[in-house]
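Everything below concerns the one structure shown next.
The values are calculated or read from the model by the stated rules, or taken from the named source; none is laboratory data. All values derive from a computational prediction rather than experimental measurement. Note that we place each Cβ from the backbone using ideal geometry, even for glycine, and neighbour counts take in every protein chain shown. SASA here: full protein model, heavy atoms, side chains in, ligands and nucleic acids out. Shrake-Rupley method; radii C 1.70, N 1.55, O 1.52, S 1.80 Å.
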Amino acid sequence: MTPTDDPRGHVTPALTDGLLRALLDSLGRSGVLTEPDDVAPYLTDWTGTHHGRVGAVLRPRDTAQVSDAVRLCAEAGVAMVPQGGNTGLCGGATPDASGRQVVLSLGRLRRIREVDPAADTMTVEAGVPLATAREAAAAAGRLFPLSMGSEGSCTIGGNIATNAGGTAVLRYGMMRELVLGLEVVLPDGRVWDGLRAVRKDNTGYDVKQLFIGAEGTLGVVTAAVLRLFPQTPCRATAWLAPRDVDAAVAILSVLRERAAERLTAYELVSRQALDMVLAHVPGTRDPFRENHPWYALVELGGPAAAEDLDTVLEASLGEAFERDLLVDAAVATGTAQREALWLMREGVSEAQRSEGPSIKHDVTLPIGDLAAFVADVGTRLRALLPGIRLVTYGHVGDGNLHYNLSGPVDDPSALLVLRDELTAVVYERVAQRGGSISAEHGLGTTKRDAAAALKGEVELDVARAVKGALDPTGLMNPGKVLLT
Ligand code: FAD
Ligand code: 2HG
Ligand code: ZN
C-alpha cells in the first residue's frame, strides 16, 4: 500500500482484481467503468478547477446495487465518492488524485417511484435530474419548487446532499425543508428505509436531517419523499433598477408587505455581472437604455384564481418609485419576456466562467448589512488588486450574495496569486457580522478548512462524533466537509 493524497495521510488500498470482479458480478459491465475515456467526465467538476483520478466509476441501477457496491468497497477498504450531476461548486464530488478511490455515480437511479397529488408528496430516486422531478410534479398538477440554473443537470440526490437553495427559497425554503423522508445506503452497505411521507413525526432524533447537507460524507442517498405545493400558473415578473443596494433591500420590504406569500423570488445582479451575461449569453439584451449599478429581478406567483398579480406588482413598484428607491423598471408582458429576464439572472455563472479564473464566495449576512458589506469589502479588494472585477449577484431576499471575483480584464490570472488575501478580507467581514461563508453550496474541499477555522471546537467535536459514529473507517467521501 502507498499513501493517498488524503490530507491526513490515511492509507487506502488500490482496487484489486478480486474487488473489480465482485463489482462486475453485481453491477454488470455497464455498471463498472475503468477506461480513461469513460471515466473522464466524472473526474473534473463544473468549474474546471477540481480534477481527480479513480480506480473505477461505479454506476449502480437501483438501491440494491448501491448497497452491494458500498458493502464490497467498504470490506475492501476502498474510499467512495458519491456523485450526482457533478454541478457542485465546492469540489465535493471530485475524487482525490490518488487513483485509489471510486466514484459512485447515482445517475442511473432515475425512477419517479410515486407522485401523490392528494398527499402533496412525490417519491423519487437520487439520480432524477431536478428539472425532471419538477416536470413530474407539474404533470400531476403540483409544484416542486426547488429551482436553480443547474436544474437540467443537477440531481435530487445532489440537491439533498448539498441542501441546495436556489431562487425560490424566499417562499419555499431550502431543500432541507422540502424533504419528508429518505432512503440511504450507510457506509457499511446497510439500507435505511426512512421513506416516510408524513408531515408530523416526533419519534426521536430526526435522522434524515443528518444526511441532508452532509455532502455524501455520511452515506449515499438513494431516494427521497419530497413535498409538493399548489402550482403557481400566474406570474408577474419585473427587472428593476434600484437606486443602490440599500434601496434594493427596502424594495423587498415593500414587496413583502404588499404581495405577502405571493412573492416567490427576489434576486440581485450587479452591472458587472450583467455585463458578462450580455457579452456571453446569446439572446440577452439590457431592457434599459441607461446603465445602472444594480438590478433586481422580482417575481410574484399564485394560482389562477388569485388577485391580479400585475396589479400588486404595479402598486409595489409605484410605491418604490414614490419613495425614490427605484430608478427604472421593466415588467414582463408574456412568457418570452419573463424567460429573457430570468436568463439575465441565471446566465451569470456560465458567463463568468467564460471570463477566466474566478474566486467564488457564497456568503449570507443579515440583510441590513449587505449594502455596507458590498461598499467596504469592494473598496478593500480594489486596493489589493486594482482592476479586480466584482461579480456580485444572488438571492438578496435570503441575504445570500454570490460575491464572486474575476481578475482584471488585461490579466485575469492575477486574481489567483492573491486568492488567500482577497478571501481573507471577505471572510473577516462575514465573521464580524455573524454571517456564513457558505450559504447554499456547501463546503466540499474548497471551504472545508475556512469553515473549521470559524467554528468552535465544541461544534467540530459534535460533527466529528457524528462522522465517526456513521462512518468509523472514514471511507465515505473522505476529506470533504471536515477533516476527521
Ligand atoms: P454533485 O455535484 O454530483 O455532488 C455534490 C455533493 O453531493 C458532493 O459532495 C457529492 O459527493 C454529494 N452527492 C451527490 N449525490 C449524492 C447522493 N445521492 N448521496 C450522497 N451524496 C451525494 N446551488 C444552489 O444551492 N443554488 C443555486 O442557485 C445553484 N445554481 C447553480 C447554477 C449553476 C450554473 C451551477 C453549475 C451550479 C449551481 N448550484 C446551485 C450548485 C449545484 O447545482 C448544487 O449544489 C446541486 O445541488 C448539486 O447537485 P449535483 O447532483 O450536481 O451534485
Ligand atoms: C446561482 O445562484 C448559483 O446562480 C451559482 O448559486 C453561483 O456560480 C455561482 O457562484
Ligand atoms: Zn445561488
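Checked across region 220-234, the condition of being surrounded by 21 or more Cβ atoms within 10 Å (Cβ to Cβ), over 24 Å from the mean Cα position of the chain (by Cα) and of a type in the set (A, V, I, L, M, F, W, C) holds for no residue.
Each residue in region 389-439 was checked for being on the phi < 0 side of the Ramachandran plot, open to solvent by 30 Å² or more (accessible area, probe 1.4 Å) and more than 20 Å from the chain's Cα centre (by Cα), and 17 pass.
Considering only residues in region 346-388 that are away from ligand 1 (no atom under 16 Å from the Cβ) and among the basic types (Lys, Arg), the one that is least open to solvent (accessible area, probe 1.4 Å) turns out to be Arg380. A search for C-beta distances below 6 Å between a residue of region 83-102 that is on the phi < 0 side of the Ramachandran plot and any residue that is acidic (Asp, Glu) and near ligand 1 (Cβ under 6 Å from one of its atoms), counting only pairs 6+ apart in sequence or on different chains, returns Gly92/Glu215. If you go through region 213-242 and pick out every residue that is closer than 23 Å to Thr311 by Cβ and not aromatic (Phe, Trp, Tyr), you end up with 12.
Say we look at region 182-219 and pick out the residues that are open to solvent by 60 Å² or more (accessible area, probe 1.4 Å) and part of a strand (DSSP E or B); which of these is farthest from Leu482 (Cα to Cα)? Residue satisfying both the conditions and the ranking: Asp193. Taking region 275-331 only, how many residues are outside any helix (DSSP H, G or I) and surrounded by 13 or more Cβ atoms within 10 Å (Cβ to Cβ)? Qualifying residue count for the region: 25. Just give me the residues in region 67-87 being outside any strand (DSSP E or B) and β-branched (Val, Ile, Thr), in sequence order. Hits for region 67-87 are Val70, Val78, Thr87. Applying the criterion of being part of a strand (DSSP E or B) and more than 12 Å from ligand 3 (Cβ to nearest atom) to the residues of region 393-413, the residue that is nearest to Ala168 (Cα to Cα) is Leu405. With the structure loaded, tell me whether Val245 is modelled with pLDDT of 95 or more, out of contact with any Lys or Arg (no Cβ under 8 Å at 6 or more places or on another chain), closer than 23 Å to Pro293 by Cβ and of a type in the set (Val, Ile, Thr) or whether it fails that test. In short, yes. Among the residues making up region 441-464, those that are open to solvent by 20 Å² or more (accessible area, probe 1.4 Å) and either charged (D, E, K, R) or outside any helix (DSSP H, G or I) (or both) are His441, Leu443, Thr445, Thr446, Arg448, Asp449, Lys455, Gly456, Glu457, Glu459, Asp461, Arg464. Among the residues of region 345-374, the ones that are farther than 23 Å from Arg256 by Cβ and of a type in the set (A, V, I, L, M, F, W, C) come to 3 in all. Restricting attention to region 358-388 and to residues that are closer than 23 Å to Tyr266 by Cα and charged (D, E, K, R), the residue that is nearest to ligand 2 (Cβ to nearest atom) turns out to be Lys360. Reported count of residues in region 45-55, each being closer than 21 Å to Val78 by Cα and open to solvent by 50 Å² or more (accessible area, probe 1.4 Å), is 2.
Counting only strands (runs of 3 or more DSSP E) that sit wholly inside region 89-181, those with at least 2 residues that are open to solvent by 10 Å² or more (accessible area, probe 1.4 Å) and either of a type outside the set (Val, Ile, Thr) or within 16 Å of ligand 3 (Cβ to nearest atom) (or both) are 112-116. In the set Lys467, Lys480, only one residue is open to solvent by less than 40 Å² (accessible area, probe 1.4 Å) and not in a helix (DSSP H, G or I); that residue is Lys480.
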